[in-house]
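Colleague: Before I ask anything, here is the structure I am working with.
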Number of protein chains: 2
Amino acid sequence: MDPTQFETHPSKYKHWKLAVNGEIATLTMAVDADHPHRPGYELKLNSYDLSVDIELADAIQRLRFEHPEVRCVVFGADLDKVFCSGANIYMLGLSTHSFKVNFCKFTNETRIYLEDASGSSGLASLCACKGTTAGGGYELALACDETVLVDDGNSAVSFPETPLLAVLPGTGGLTRLVDKRKVRRDRADVFCTTAEGIKGKRAKDWGLVEDVVSRSKWDDAIAARAKALAAKQTVTRGPAVQLPELSPKITEKAFTYRYVELAIDRAARTAALTVKGPDGAPSDLTSADTWSLRAFRELDDALLRLRFDLPEIGIVTVRTTGDRAHVIAHDEALAKATTGFAREVRLLQRRVLKRYDNTARSFYAVADTADSCFAGSLLELALGADRFYMLIDGDEKVAVQTSVANQGFFTTSTGLSRLDARFYGAPADAAKILARGAEGPVPSEEAEQLGIATVAADDIDFEDELRIAVEERASLSPDALTGMEASLRFVGPETLETKIFGRLSAWQNWIFTRANSTGEHGALTLYGQPERPQFQWKRT
Amino acid sequence: MDPTQFETHPSKYKHWKLAVNGEIATLTMAVDADHPHRPGYELKLNSYDLSVDIELADAIQRLRFEHPEVRCVVFGADLDKVFCSGANIYMLGLSTHSFKVNFCKFTNETRIYLEDASGSSGLASLCACKGTTAGGGYELALACDETVLVDDGNSAVSFPETPLLAVLPGTGGLTRLVDKRKVRRDRADVFCTTAEGIKGKRAKDWGLVEDVVSRSKWDDAIAARAKALAAKQTVTRGPAVQLPELSPKITEKAFTYRYVELAIDRAARTAALTVKGPDGAPSDLTSADTWSLRAFRELDDALLRLRFDLPEIGIVTVRTTGDRAHVIAHDEALAKATTGFAREVRLLQRRVLKRYDNTARSFYAVADTADSCFAGSLLELALGADRFYMLIDGDEKVAVQTSVANQGFFTTSTGLSRLDARFYGAPADAAKILARGAEGPVPSEEAEQLGIATVAADDIDFEDELRIAVEERASLSPDALTGMEASLRFVGPETLETKIFGRLSAWQNWIFTRANSTGEHGALTLYGQPERPQFQWKRT
């Protein structure tokens, strides 16, 4: 199968139209039915699949970097009576379990990052639902700051997933309904089991939408709301920086970028991820080529390809190379810079690191060469890994080092920093490391004593210990590992985001495996066919 | 199949020995291999099944009510080299998916209620692991206040589930490891993938146990720790009240208790739960027959039978009958009483209501008769239900009423009261209802306006509307409903408890459906056989 392309550009969009007009941008959903991600189904009625969502993710990213003047993005549709009918059911019916799960994870991330753009970057969002807004369509609306529904006696917002398809609205919908929009839970229960949805005044009274507006007043009302949302934004942004193509070299054996490489060993079901540090001290902090942006964009792309195109790779070793001082200099230059662009870069790094935490593969960070470079923002890769192996070398060249990047900005989805999550309940230990790390490199043995390294071993033992650990990991059940890692990685407080990826997604994964949805007589399988689904009635 | 018996008594225990000696009780695990819950496997090496856990739940309950002098319970075993080897694998391999899930839920509740006994009732717990402590055995230890492991060069604590069985330690283990005991997550990762476990000094250094003690010093060390734990307890308890048998009448058509009835319609896959209020004002608040205790114990027993013995009953209507003033009088008498027994009764009510929230069936509360009695503690059943239907009657006899029981003591597992969860984000609405409810009965129409009733309808529409709603619910996929209700019911903050039932259990349910654990060549299926499991390697 061809590799999945996560890079795109507005000039290539097939399913969205991006228009920027001063401080307001519009993203018009105009899904081309004839260009699905894979052959076998048509994207009718503004239903979406991975290719549609890749464009959406690209558009949001570009608004952040390339259009800092925009303060509100308005989502609309080019159809007359439909805003969006949600994820394409036939696509879901044709997909493997692992594709469905990864598709939902990616669409969830896109929506969480839309909320992040509003919360952190002064880019508000308004969903202008001038027509039917079903399933994933309404989940997009829930991720926006405000939603307006047309009041035409017909258009409704709805979650038909449970009644029609025997699955959940799995892109955050259930969680956002009660936890974000605070819809009363008994009303949410009625809403989620009413296939035709809720329209008009009731949709507003129940808190499902901010407002309902007639067709005649639509354009003015949407323009006024967008303007009001834009006026509320106070975050300084810019300067504008265009995001160039990454153009990796993709082969059967490796994904190769400028700073990132993922080398693949299909027989062993392992991969080796290497991230290079910057070539020198930071020079131009308004360049898309600045290491902090380029390297993390590459890492993001590699992680997405790993998820979708390498399903059998269960464990990834993570190494870094370069000069620690350069990484730290880049981290500090970014943290000191007062431009919106610099903050945008840090926010992107934060999102990429979250994508890493949320990737269902085992990650073992490895520091075993003299030019190993787990410092600052790259140290986060070791702190986020399931384990960290460090070689004890005679001249203590193998070491870790902290920077401003480890001091709290790079929160995980729990809201804790990776250092605080690692030392959950022992904040003094985290503080000790920051204090020690600021003094200079911390060699392997000391790093183990301080709790940074899981294992530090000298060169008599190191290679064997690591090799056996990787082989053992690769031999374990991938399902059990996914559940185990999801429980151990997200220690501490739960947030809307972790509830979506933990509770909601875990239930959805279970439901996707059940005969009642995806079996021969399941509702998802039979959707659109005359045959009625047959359910197994045991409640579990 | 014979109905499951959740009632037992220490005189009937087959698997535990309860001994009380002043302020210390010992619960000795002495599992009788020849008395499994169902035929087909032997309970060797202190492995456990549902029958073992039913006795454990009973013992903890009786310590709370019948032995208020006890301030610390010490868990031990009667085997020389094994404390507990966890849930019986052959039992799991032979069980249906729904039994496995319900078994795990029950064992999770038992362990959470053990923590509740420590947190709320001054009954501390010490796990004295004088031998191998594997899987569910270590999960019992994690639920105790302290764990001591024997240091004999051999005995380890371990979670072999992932490496040996391709499932999770599903009885709260993963969550408690990092969230409660705050074991560093990379160490937790090593621990959970090391089948042989961790022993001796390392177990202590990693925070897996409080202490390791040699065999020669064992008895003295355990006695001293138990004494120290007992000395810390300051909660007033007692007087002792013996818990009599409930002796319900169980038929194919109904479970009938003194105050509770569950009438079963197998053809419609529905059941009707009715809870009667007290016969009069409270008289003897030291009697096990006091309504607040008796009725809620009966409800608890009925809920457990529903879960295990009626898997195909998907939706339950919940009605109450009686005199609202009597319920309120009982609630207030309990809240005012200063005895430990009165507090114990309220804590039991709280646990039973949590069991109700956590039961994977749709609950529709219904108030449609003049003697409907959703007041105070019984109103919690309506607030906890997925929906609440109220009949608008001409003379406003159908009404709800609040009491002290709705003011915050009956927290759900999120830590919110049911009223606060219902009005999440709108505390003023919850306060308004408490103020209004204190003035007297709130009739249906007003209850709907205030947000208590989901639907209030007059008698022209009521019966049809309710009938259709119940039929529709019964027609939906039971799996999707379970996932949906689990997302909508637990709005708001997450706690250790909700993390266990949401994140961890949802993942475990998923893993239990996967071929890698329960398929023909799955690890759980093949456990104990010479054949090696064969895994499907796709990571999801």
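The values are calculated or read from the model by the stated rules, or taken from the named source; none is laboratory data. All figures in this text were calculated on a predicted structure; none of them were measured in a lab. Cβ atoms come from the backbone with ideal geometry, glycine included; neighbour counts cover every protein chain shown.
Colleague: Applying the selection to segment B:37-47, what residues are part of a loop (DSSP other than H, G, I, E, B) and crowded, with 23+ Cβ neighbours inside 10 Å?
Modeller: Correct list: B:Leu43 only.
Colleague: Can you find even one residue in segment A:237-251 that is in contact (Cβ under 8 Å) with a residue 40 or more places away in the chain and either assigned to a strand (DSSP E or B) or within 14 Å of chain B (Cβ to nearest Cβ) (or both)?
Modeller: Scanning segment A:237-251, I find at least one residue that is in contact (Cβ under 8 Å) with a residue 40 or more places away in the chain and either assigned to a strand (DSSP E or B) or within 14 Å of chain B (Cβ to nearest Cβ) (or both), so the answer is yes.
Colleague: Let me spell it out: the conditions are (1) free of Cβ contacts under 8 Å to residues at least 24 places away in the same chain; (2) over 19 Å from A:Gln349 (Cα atoms), and A:Thr270 meets all of them except one. Which number is the exception?
Modeller: It is condition (1) that A:Thr270 fails.
Colleague: In contact with an Asp or Glu (Cβ under 9 Å, 6 or more places away or on another chain) and not charged (D, E, K, R), is that true of A:Thr482?
Modeller: It is false that A:Thr482 is in contact with an Asp or Glu (Cβ under 9 Å, 6 or more places away or on another chain) and not charged (D, E, K, R).
Colleague: Sticking with this one: If B:Leu177 satisfies all but one of (1) surrounded by fewer than 24 Cβ atoms within 10 Å (Cβ to Cβ); (2) under 25 Å from the mean Cα position of the chain (by Cα); (3) in a helix (DSSP H, G or I), what's the number of the condition it fails?
Modeller: So B:Leu177 meets the others, but not (1).
Colleague: Separate question: Here are some residues: B:Thr321, B:Thr359. Which one is touching an Asp or Glu at 6+ places or on another chain (Cβ under 8 Å), under 26 Å from B:Pro244 (Cα atoms) and without any contact (Cβ under 8 Å) to a residue 60 or more places away in the chain?
Modeller: Checking each option against the conditions leaves just B:Thr321.
Colleague: Just for segment A:440-488: of the residues that are closer than 21 Å to A:Glu312 by Cα and among the charged types (D, E, K, R), which one is nearest to the other protein chains (Cβ to nearest Cβ)?
Modeller: A:Asp479
Colleague: Against the condition surrounded by 18 or more Cβ atoms within 10 Å (Cβ to Cβ), hydrophobic (A, V, I, L, M, F, W, C) and at pLDDT 95 or above, how does A:Ala19 come out, does it pass?
Modeller: Answer is no for this residue.
Colleague: Working carefully through the options A:Gly425, A:Gly408, A:Gly437, A:Gly384, find the one that is at positive phi and either crowded, with 24+ Cβ neighbours inside 10 Å or within 13 Å of another protein chain (Cβ to nearest Cβ) (or both).
Modeller: One residue alone meets the criteria, A:Gly425.
Colleague: For segment A:469-484, which residues satisfy the criterion of being crowded, with 22+ Cβ neighbours inside 10 Å and among the polar types (S, T, N, Q)?
Modeller: Scanning segment A:469-484 gives A:Ser477, A:Thr482.
Colleague: Being over 17 Å from A:Pro239 (Cα atoms) and either more than 14 Å from chain B (Cβ to nearest Cβ) or out of contact with any strand residue (DSSP E or B) (no Cβ under 6 Å at 6 or more places or on another chain) (or both) narrows it down to one residue among A:Leu304, A:Leu334; which is it?
Modeller: Testing whether each residue is over 17 Å from A:Pro239 (Cα atoms) and either more than 14 Å from chain B (Cβ to nearest Cβ) or out of contact with any strand residue (DSSP E or B) (no Cβ under 6 Å at 6 or more places or on another chain) (or both) leaves just A:Leu304.
Colleague: Here is a list of conditions, (1) assigned to a loop (DSSP other than H, G, I, E, B); (2) within 14 Å of chain B (Cβ to nearest Cβ), and A:Leu285 meets all of them except one; can you say which number that is?
Modeller: (2)
Colleague: Sort out which residues of segment A:411-422 are closer than 18 Å to A:Ala453 by Cα and either modelled with pLDDT under 95 or within 12 Å of chain B (Cβ to nearest Cβ) (or both), and write them in order of number.
Modeller: Within segment A:411-422, A:Arg418, A:Leu419, A:Asp420, A:Ala421, A:Arg422 meet the criteria.
Colleague: If you check B:Ala228, B:Ala224, B:Ala268, B:Ala281, which single one turns out to be within 21 Å of B:Ala117 (Cβ to Cβ) and surrounded by fewer than 16 Cβ atoms within 10 Å (Cβ to Cβ)?
Modeller: B:Ala228
Colleague: Here's another thing I want to ask about it. Working only within segment A:163-189, note down all residues that are free of Cβ contacts under 8 Å to residues at least 24 places away in the same chain and of a type outside the set (Gly, Ala, Ser).
Modeller: A:Val178, A:Arg184, A:Arg185, A:Asp186, A:Arg187, A:Asp189
Colleague: Could you check segment A:490-540 and list, in sequence order, the residues that are among the β-branched types (Val, Ile, Thr) and more than 7 Å from chain B (Cβ to nearest Cβ)?
Modeller: Matches in segment A:490-540: A:Thr495, A:Thr498, A:Ile500, A:Thr518, A:Thr525.
Colleague: Going by the conditions given, is A:Thr26 over 19 Å from the mean Cα position of the chain (by Cα), over 22 Å from A:Gly528 (Cβ atoms) and without any contact (Cβ under 8 Å) to a residue 60 or more places away in the chain?
Modeller: yes
Colleague: Also, quick follow-up: Can you name the residue in segment A:331-373 that is in a helix (DSSP H, G or I) and more than 24 Å from the chain's Cα centre (by Cα) and, of all such residues, is surrounded by the most Cβ atoms within 10 Å (Cβ to Cβ)?
Modeller: The qualifying residue surrounded by the most Cβ atoms within 10 Å (Cβ to Cβ) is A:Ala333.
Colleague: For the list (1) out of contact with any Asp or Glu (no Cβ under 6 Å at 6 or more places or on another chain); (2) in a helix (DSSP H, G or I); (3) of a type outside the set (Phe, Trp, Tyr); (4) buried (at least 23 other Cβ atoms within 10 Å of the Cβ), I need the number of the one condition that B:Gly119 fails.
Modeller: Against the list (1) out of contact with any Asp or Glu (no Cβ under 6 Å at 6 or more places or on another chain); (2) in a helix (DSSP H, G or I); (3) of a type outside the set (Phe, Trp, Tyr); (4) buried (at least 23 other Cβ atoms within 10 Å of the Cβ), B:Gly119 comes up short only on (4).
Colleague: Could you please give the count of residues in segment A:80-113 that are touching a Gly at 6+ places or on another chain (Cβ under 7 Å), assigned to a loop (DSSP other than H, G, I, E, B) and buried (at least 23 other Cβ atoms within 10 Å of the Cβ)?
Modeller: 1
Colleague: Regarding B:Ala447, is this residue within 22 Å of A:Gly207 (Cβ to Cβ), in the same structural domain as B:Leu383 (by TED's automatic domain parsing), touching a residue at least 60 places away in the same chain (Cβ under 8 Å) and buried (at least 17 other Cβ atoms within 10 Å of the Cβ)?
Modeller: Spelling it out, it is not the case that B:Ala447 is within 22 Å of A:Gly207 (Cβ to Cβ), in the same structural domain as B:Leu383 (by TED's automatic domain parsing), touching a residue at least 60 places away in the same chain (Cβ under 8 Å) and buried (at least 17 other Cβ atoms within 10 Å of the Cβ).
Colleague: Okay, moving on. Out of curiosity, is A:Leu50 within 20 Å of A:Thr132 (Cα to Cα), in contact (Cβ under 8 Å) with a residue 24 or more places away in the chain and surrounded by 20 or more Cβ atoms within 10 Å (Cβ to Cβ)?
Modeller: no
Colleague: Within segment A:180-228, how many residues are of a type in the set (A, V, I, L, M, F, W, C) and either part of a helix (DSSP H, G or I) or under 22 Å from A:Ile511 (Cα atoms) (or both)?
Modeller: The number of residues fulfilling the criteria is 13.
Colleague: Quick check on segment B:61-75. Is at least one of its residues assigned to a strand (DSSP E or B), among the β-branched types (Val, Ile, Thr) and out of contact with any His (no Cβ under 7 Å at 6 or more places or on another chain)?
Modeller: yes
Colleague: Could I ask something else about it? Counting only residues that are under 16 Å from A:Leu488 (Cα atoms), among the aromatic types (Phe, Trp, Tyr) and in a helix (DSSP H, G or I), how many does segment A:406-463 have?
Modeller: 0
Colleague: Identify all residues within segment B:130-145 that are assigned to a helix (DSSP H, G or I), in contact (Cβ under 8 Å) with a residue 40 or more places away in the chain and in contact with a helix residue (DSSP H, G or I) (Cβ under 8 Å, 6 or more places away or on another chain); write none if there are none.
Modeller: If the condition is that a residue be assigned to a helix (DSSP H, G or I), in contact (Cβ under 8 Å) with a residue 40 or more places away in the chain and in contact with a helix residue (DSSP H, G or I) (Cβ under 8 Å, 6 or more places away or on another chain), then B:Gly136, B:Gly137, B:Tyr138, B:Glu139, B:Leu140 are the ones that fit.
Conditions (1) of a type outside the set (Val, Ile, Thr); (2) within 14 Å of another protein chain (Cβ to nearest Cβ); (3) under 22 Å from B:Ala515 (Cα atoms), marked per residue:
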{"residue": "B:Phe83", "(1), (2), (3)": "yes, no, no"}
{"residue": "B:Asn102", "(1), (2), (3)": "yes, yes, yes"}
{"residue": "B:Arg111", "(1), (2), (3)": "yes, no, no"}
{"residue": "B:Glu115", "(1), (2), (3)": "yes, no, no"}
{"residue": "B:Thr147", "(1), (2), (3)": "no, no, no"}
{"residue": "B:Leu164", "(1), (2), (3)": "yes, yes, yes"}
